[in-house]
Structures are given as structure tokens and as C-alpha cells.
1. Looking at LEU178, is it touching a residue at least 40 places away in the same chain (Cβ under 8 Å) and on the phi < 0 side of the Ramachandran plot?
2. Of (1) at pLDDT 95 or above; (2) open to solvent by 50 Å² or more (accessible area, probe 1.4 Å), ILE124 satisfies all except one. Which?
3. How about segment 101-119: which of its residues are over 21 Å from the mean Cα position of the chain (by Cα), free of Cβ contacts under 8 Å to residues at least 24 places away in the same chain and buried (at least 17 other Cβ atoms within 10 Å of the Cβ)?
4. Only one of LYS115, LYS98, LYS61 is part of a helix (DSSP H, G or I), at pLDDT 95 or above and of a type in the set (Lys, Arg); which?
5. All but one of (1) exposed (fewer than 13 other Cβ atoms within 10 Å of the Cβ); (2) within 15 Å of the chain's Cα centre (by Cα); (3) within 23 Å of GLN24 (Cα to Cα) hold for LEU80; state the number of the condition that does not hold.
Amino acid sequence: MNGRIDTEPSTNNNAAGRPVYAKQTRRLLMLLMETEKAIYRNPDIASTYIKQAISLLAAAKQNKQPSYKTRGGLARWQILRVDTFISENISSSIRTTKLASLLGLSVSHFSHAFKQTTGMTPSIYVAAARVKAAQQNMLRSEQSLCDVALSHGFCDQAHFCRVFRRETGLSPQTWRKLYTSQSGLVSSSS
């Protein structure tokens, strides 16, 4: 996987549950690929990946979604506008009210349409974007985790670690050691 985990949210809204299903499928594939890479090098990390994959499959089995067509949601250009705003303001506070006003929608309508389109709330989507940007930064620089956290809009390092673990299943330090050793770009220091 060339040293980075894909946490990009899905914007497919063909059927209810489809965005979540696509994200779960990508996550499962990533976990299995990373397990294969780590199985001989670091069995503990490989075991963690396998446990996460099992949990993901168990949760997916319990949460079968009906496959009827959905209506509403946001247009592709609206999601692109939100994505651009998020990437330009990644280091500052991004409120749902600001995202809604960016599209000229009420907060309630925006939140509902956004979740229907992406399968996640705006705040979870912003957190995933922050983690993805932080991952790219961690691969390119030797900044401390505290500096990475603050430069990507997290309150502090502890908040960054909680959100990072929720999104990737690994702590930032473990992720950095694993991926910087694979890519050979940065020596680990945190």
C-alpha cells in the first residue's frame, strides 16, 4: 500500500448503506494487506490487524442495510467544495455550521444530506481528513506528534491519538514506526 492508509471517505450514494459498505471493504482490504506485510516482521502488529478485520466483519454481519434507492444527499460539486474548504483550513476549527453556510444550507439539512451522501457525520468526516493529512505529514517530516497534532487542528496530542486510533486502529507512534520503516523516507522520532 505504498506506506499510507487510505482513510478517504466514500461519496457513493447509490444505495442506503453503500458508503459505509465501501469504507468497510477498503478498511478490510487494507487490514489484510498490512497483515500479509507484517506477519513475519512483526507478529504482534499482524495479530492486531487480524483482530480488527474480524471485528469489522462481525459488525458488518450485524448491520445489514436495506438496498433501496436513496434520494437527496449532496451533489458532487458540494462535496468537492467541502473537501477543498477542509483541506485549506485543516489546522483551524471547522464547525458544521461553517460547512453548511458554505453551501447555503441549514445545519440540519446539511448534516442529514451529508451523512446520507458520505455515510458519516460532518465531524467524523473532518476528523478522518485531519488524520489522513497528519499521516502524509508524518511520512514526510520528523515533527513531534504534538506538533503534528496541533498543525492538523487537534486540541492536543491526546485528542490526536484518540482520533487517530479510532480511524486507523493504531497509535500514531506505532503507525509512524511501521510506515516510515517501510517507505524509508523518515527515521522515526517522536
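1. Numbers: touching a residue at least 40 places away in the same chain (Cβ under 8 Å): yes; on the phi < 0 side of the Ramachandran plot: yes.
Answer is yes for this residue.
2. Among (1) at pLDDT 95 or above; (2) open to solvent by 50 Å² or more (accessible area, probe 1.4 Å), ILE124 violates only (1).
3. Of everything in segment 101-119, just one residue is over 21 Å from the mean Cα position of the chain (by Cα), free of Cβ contacts under 8 Å to residues at least 24 places away in the same chain and buried (at least 17 other Cβ atoms within 10 Å of the Cβ), namely LEU105.
4. LYS98
5. (2)
The values are calculated or read from the model by the stated rules, or taken from the named source; none is laboratory data. None of these values were measured; they are calculated from a predicted model. Positions of Cβ are backbone-derived with ideal geometry, glycine not excepted, and every protein chain shown enters the neighbour counts. Side chains included, ligands, DNA and RNA excluded: accessible areas come from the protein's heavy atoms. Shrake-Rupley method; radii C 1.70, N 1.55, O 1.52, S 1.80 Å.
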